[in-house]
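Down below is the structure, laid out as structure tokens.
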Amino acid sequence: MQQSRTYLARMNLAGQKGAHPGGVLVRVIEYRVDDGEVVRLLTDLVDPVAYPAAELAGLYHSRWEAESAFRQIKTFQRGPAEVLRSGDPDLVRQEVWAHLVVHHCLTQVIIALADDTGIPPDRVSFVKVLKHARRSVVRQCTDTPTKIKEFLVVLAAKVRRKLDNGARRLREADRHLKRPDSKYSSKLSYRIITLQPVIVR
């Protein structure tokens with residue numbers, strides 16, 4: 001990450017000027033990663049001493065770990081463009097909890113594999129662990145602790161063949177509007193954000 005610069009600005013949302021006369025005061029942190037495009041981070045943490053720009057920029061990249069977990073569940077585990085099958089609210093909650101439990105179990109397998117090999121857990125491919133887990137689903141007759149341990153040993157051996165998933169790119173991307181799952185068309189309105197540098201005494 002190259003040297004960053006920070007300044008204060010006022011942000012106006014199109015159509016919202018009456019709600020915030022003069023705009024909302026924000027702090028802009030600009031930095032460049034590996035000679036790429038300039039990244040601009042907006043925050044309401046305006047004190048540069050208490051909240052250094054480099055530290056906030058690093059935290060911004062770390063937050064993508066949570067985005068990666070959401071993608072693991074929504075795209076790989078559940079399946080792309082798949083919606084929850086349940087129609088009852090209680091069954092929807094049950095289905096969501098089931099997805100979270102499965103993801104937690106797969107994450108525990110990844111952590112165990114990473115500990116055994118001494119590499120960071122984020123270098124282990126979630127997709128590979130998920131694929132091998134699906135191929136080696138434990139049958140009802142193998143629910144004893146011994147069989148579970150044997151299953152995990154076999155799973156670890158399969159995944160360890162190519163454990164390191166390679167170098168990861170830094171997590172930064174524009175927000176794009178995804179196609180809604182609803183079959184009914186909807187009219188979407190876009191908001192324009194205008195930033196104007198200001199000097200605050």
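The distance between label points at Val101 and Val127 comes to 2.8 nm (points 7 Å beyond Cα on the Cα→Cβ vector). Were the residues from Ser68 through Leu91 laid out at 0.36 nm apart, the gain over their Cα-Cα distance would be 5.7 nm. Each peptide in 27-36, 113-122 receives the mean, over its residues, of other Cβ atoms within 10 Å, and ordering these scores from highest gives 27-36, 113-122. Sorting the segments 152-159, 81-88, 68-75 by their mean number of nearby beta carbons within 10 angstrom, highest to lowest, gives 152-159, 68-75, 81-88.
Taken together, the values in this text are just the output of simple stated rules run on the coordinates, not laboratory data. Computed from a predicted structure; not experimentally measured. Note: ideal-geometry Cβ built from the backbone for every residue, glycine included; neighbour counts use all protein chains shown.
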